[in-house]
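Throughout, read-outs are computed from the coordinates displayed, never taken from laboratory work. Every value quoted in this text rests on a predicted model; they were computed, and no experiment measured them. Here the Cβ is made from the backbone with ideal geometry for all residues, glycine too, and neighbour counts use every protein chain on show.
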Amino acid sequence: MWGKYSIGGQLLPPPGSISQGVQGIGIQDQRRQLPSLFGTGTARPFSGNVLSVLDRVNKAKKKRPRWRIIALDLPSGLNADSGAVDPATLYAGYTITLGCPKPGLFNFPGAERVGKITVADIGMPENLAGEATSEYLTGEWVRSVLPERPLQANKGSFGRVLVVAGSMKYIGAAYLACSGAIRVGVGLVTLAATPTLQSILASKLTEVTYLPLPESRPGAVSPEAARLISQQYESYNVLLLGCGMGQSQAAVKLVRSILLAKQRGELPALVLDADALNTL
């Protein structure tokens, strides 16, 4: 399973935790390469024999696409803090990082070269890990902190979001914004859009309710839309404003009217995105 190149080098069996990490990756074939040349302290560009080794690995990988390059801790040449890489840094299919994940594994351009990341336990004391200034969020951690939903709950139990988004040029932005709100568990999502946009989106957004906005021409909101939207504030916990609205005069005026309203205290929790931020 473990190989070496004809240019030299000693063949060493992997430590137990590393071997377990490799097995946990789930690769069934025997064509694995585990380069362990340099660790987190690499500071100089590669040259000489090291550069030759990496060049041969790259050439061999092109000839044998089924080879799996597994980086130990991080791909040699990748900066553990910034994600900067040496030009010769290998593109690993998997990275078994030791103890804790390193920020550089998730920062580009390094993030392109790490593949799937697995964390191997090396016996680090918990108090040392607790001193880390960054946190690595995993799906398992997120699931552990999500609140349980009561069996007698209804859609009103999980918040209501009013989405003001979309235009004839960016119809999909309204779709994605509403779909995202539904995906994270909002109980009721309402899209404030012109009848033209509503007729296009209704067949895709079947869980969404609609607040039809007056339009001055097909797809373009009229000045009366701001007043109509403001009348709905009491019914919603969150207002999402700006996704794909465009920078037309009508859209900019609508955003300004909402944000600069005299009775700003009536606004629900506000999320500004895309063209609402451009207007600011």
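Before moving on, here are some points about what is shown:
- Note on the stretch 153-280: with charges restricted to the Cβ of Lys and Arg (+1) and Asp and Glu (-1), its dipole about the Cα centre is near 80 debye.
- Computed label-point distance, nm, for sites R149 and S82 using a 7 Å Cα→Cβ extension: 4.6 nm
- Above-threshold pairs, the threshold being 25 Å between Cα atoms, out of K59/K102; K155/K204; K61/K116: K59/K102
- Database remark: amide H of R68 closer than 5 angstrom to the amide H of R32, Q33 (H placed geometrically; neighbours at sequence offset of 5 or more, or on other chains; Pro and chain starts carry no H).
- Theoretical gain in end-to-end length, D273 to V184 [0.36 nm per residue, Cα-Cα removed]: 30.3 nm
- Note on L176 and Y91: the model spin-label points, each 7 Å out from Cα along the C-beta direction, lie 2.5 nm apart.
- Shape call, the stretch 162-238: gyration tensor on alpha carbons, a/c limit 1.5: oblate
- Shown is the FRET efficiency for A111 and F158, computed with R0 = 35 Å from the Cβ-Cβ distance and rounded to the nearest 0.05: 0.55.
- Here's the picture: a label point sits 7 Å out from the Cα of T133 along the beta-carbon direction, and within the stretch 67-86 the residues with their amide nitrogen under 13 Å of it are 81-82.
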